[in-house]
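The values are calculated or read from the model by the stated rules, or taken from the named source; none is laboratory data. In this text, all values refer to a predicted model and were calculated from it rather than measured experimentally. Here the Cβ positions follow ideal geometry from the backbone for every residue, glycine too, while neighbour counts run over all protein chains shown.
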Amino acid sequence: MWSTRPETPSDVAAIHAITVAAFPTADEADLVDALRADPAAWIDGLSLVTVDPTDTVVGHALLTRCHVDGTPALALAPCSVHPTHQRTGAGTAAIQACLAAARTQPENLVIVLGHADYYPRFGFTPASRLGIRAPFEVPDEAFLALVLDPARPTPTGLVQYPAPFGI
């Protein structure tokens, strides 16, 4: 039902509007904009949108570069779907597309702070099981990680988020 593709410059306003609509404040939308402007965090092709049959953007998922004890990794955040399209698979489609795109990158780890009941369907498990720690207090079940290729080395240690996260 849903199609996905990398964001284009003409999608930026729609992504901002969807993210504002999906969250209680504009903080997450402002974070997306700040990450897009940060060349140390932004990776072309890892901001994916879900579109309807008319190519209208209804969802968005973003991977940016973070580090785990100095080793490059990816942070999945934020992910948003317009409220009128939530629980329709639009978010799942965007996240699956992001993870498929991530597998073409040199990083081998994706971390996410999110719902323990949602992200395991994509293969995420508590990051602590992999020796990965958040730079803030968070319930173990909400700070999750996904190894993209178990045959490759996976970093361990403390996550360093890009500057726009303010952490």
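Key figures for this structure:
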read-out: Count - residues of region 113-135 that are of a type in the set (Phe, Trp, Tyr), more than 19 Å from residue 72 (Cβ to Cβ) and touching a strand residue (DSSP E or B) at 6+ places or on another chain (Cβ under 9 Å); value: 2
read-out: Residue 27 being charged (D, E, K, R) and either more than 15 Å from the chain's Cα centre (by Cα) or over 14 Å from residue 60 (Cβ atoms) (or both); value: yes
read-out: Evaluation of residue 55 against (1) within 20 Å of residue 6 (Cα to Cα); (2) touching a Pro at 6+ places or on another chain (Cβ under 7 Å); (3) among the acidic types (Asp, Glu) (one fails), failing number; value: (2)
read-out: Strands (runs of 3 or more DSSP E) (entirely within region 35-109) containing at least 3 residues that are buried (at least 21 other Cβ atoms within 10 Å of the Cβ), in contact (Cβ under 8 Å) with a residue 40 or more places away in the chain and not hydrophobic (A, V, I, L, M, F, W, C); value: 57-68
read-out: Complete set of residues in region 112-146 that are surrounded by fewer than 18 Cβ atoms within 10 Å (Cβ to Cβ) and β-branched (Val, Ile, Thr); value: 125, 138
read-out: Count of residues meeting criterion [over 17 Å from the mean Cα position of the chain (by Cα) and within 17 Å of residue 95 (Cβ to Cβ)] in region 105-141; value: 0
read-out: Answer from 137, 141 - the residue that is more than 28 Å from residue 37 (Cα to Cα) and modelled with pLDDT of 95 or more; value: 141
read-out: Residues (among the hydrophobic types (A, V, I, L, M, F, W, C) and either part of a strand (DSSP E or B) or touching a residue at least 60 places away in the same chain (Cβ under 8 Å) (or both)) located in region 18-34; value: 18, 21, 22, 31, 34
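Here is a yes/no grid of residues against (1) among the charged types (D, E, K, R); (2) over 17 Å from residue 54 (Cβ atoms); (3) modelled with pLDDT under 95:
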| residue | (1), (2), (3) |
| --- | --- |
| 2 | no, no, no |
| 5 | yes, no, no |
| 16 | no, yes, no |
| 23 | no, yes, no |
| 31 | no, yes, no |
| 35 | no, yes, no |
| 39 | no, yes, no |
